[in-house]
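Provided herewith is a single structure, encoded as structure tokens, for subsequent inquiry.
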Amino acid sequence: MPPKTVKTSKPAAKTAGKAATTKSTSSIKATGKATGSKPSSKEQEKSADPTKKLKELKLEDKPTCVDVPFRQLDAMLVRDEGGKIKECGKWPLIIDADENPRVGTFFKYRNVNYLSVISPNDMRPETIRMAVLGSIRYGKVLLLDLADKECDKDMFDTATEQFDGVQKGLMESIMDKSILKGESYLKLRHDTDSDEYQPNNFSEFYTEKFDFFILTNKPDPPICLMKKTYPVKIVM
């Protein structure tokens, strides 16, 4: 009798191998990548530290400061020699972050209207009203000292609240200079004010000379404030 033929299981193995390959392929299609494959550069970027990316974005958004030597403070800011401030169209934000700030003292002895945010008297509605109105009437500098050297609070927001307590939107109208258009500043007048503040005593010759300076002692003021202003850093 001829020997019986013994069936092997090789075809089954092939089938099993094919099924495994099919399963692996399905897995790749479902996940979009093979097991053990290296993440793409885009995936690595997505998994990057979000805090680091946020810091990088903040640095990119931060406006650059113009260095102004203390000795040239009068020439470059008060007199605006070179016309940089006028060209910018924004009010200066003076950053005096020295251990012994001098800018505040410098302006206290000049013919300016000086308001300190931490002074209860300076932040009285009537004091603010007359400081703004008088600066426009006589073409003077109105200096707002945030006095924030050792303060974590945003003192410009505090000042804005106090200014807006005099007239709604007052701070914004100063910042965007709309207060100087169409004699909007006359809305600050009271009928009881002295004759010097009568409408016919306001002259364009003086109102055009009005300046608004903001002084901070923080080395890194809020970016939102820096964007609204012309930031200058005082160097000794």
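The values are calculated or read from the model by the stated rules, or taken from the named source; none is laboratory data. Keep in mind it's a predicted model, so treat the numbers as computed, not measured. Note that each Cβ is placed from the backbone with ideal geometry, even for glycine, and that neighbours are counted across all protein chains shown. Side chains are part of the model used for accessible areas, which takes the heavy atoms of the whole protein and leaves out ligands, DNA and RNA. Shrake-Rupley method; radii C 1.70, N 1.55, O 1.52, S 1.80 Å.
Rounded to whole Å, give me the distance from the Cα center of the stretch 189-230 to that of the stretch 67-137.
Measuring centre to centre over Cα atoms gives 10 Å.
HN-Hα J couplings of the stretch 192-209 from phi, Karplus 6.51/-1.76/1.60, θ = phi - 60°, integer Hz, Gly and Pro as x?
8, 5, 5, 4, 4, 9, 5, x, 6, 9, 8, 10, 4, 4, 8, 4, 5, 8
Within the stretch 163-179, what residues put their amide N at less than 20 Å from the label point 7 Å along the Cα-to-Cβ vector of residue 190?
Under 20 Å, as judged by backbone N against the label point of residue 190, lie 163-171 of the stretch 163-179.
Which pairs break 20 Å Cα to Cα here: 153/218; 86/168; 84/233; 177/233; 86/181; 86/187?
86/168; 177/233; 86/187
Which FRET efficiency, nearest 0.05, do residue 105 and residue 154 yield, Cβ-Cβ r, R0 30 Å?
According to the calculation, E is roughly 0.80.
For a quick protection proxy, order the peptides 138-144, 62-68 by their average other-Cβ count within 10 Å, most packed first.
Descending mean neighbour count gives 138-144, 62-68.
Something else: How much of the accessible area of the stretch 131-178, probe 1.4 Å, is carbon plus sulfur, in whole percent?
Percent of accessible area from carbon and sulfur atoms in the stretch 131-178: 44.
Are there any GluC sites (Glu not before Pro) in the stretch 97-169 that are in a DSSP loop and have at most 13 other Cβ atoms within 10 Å? List them by number.
Those satisfying the criteria are 99, 150.
Further question: Could you order peptides 180-188, 201-209 by the average number of other Cβ atoms within 10 Å of their residues, highest first?
Per-residue Cβ counts within 10 Å, averaged per peptide and sorted highest first, yield 180-188, 201-209.
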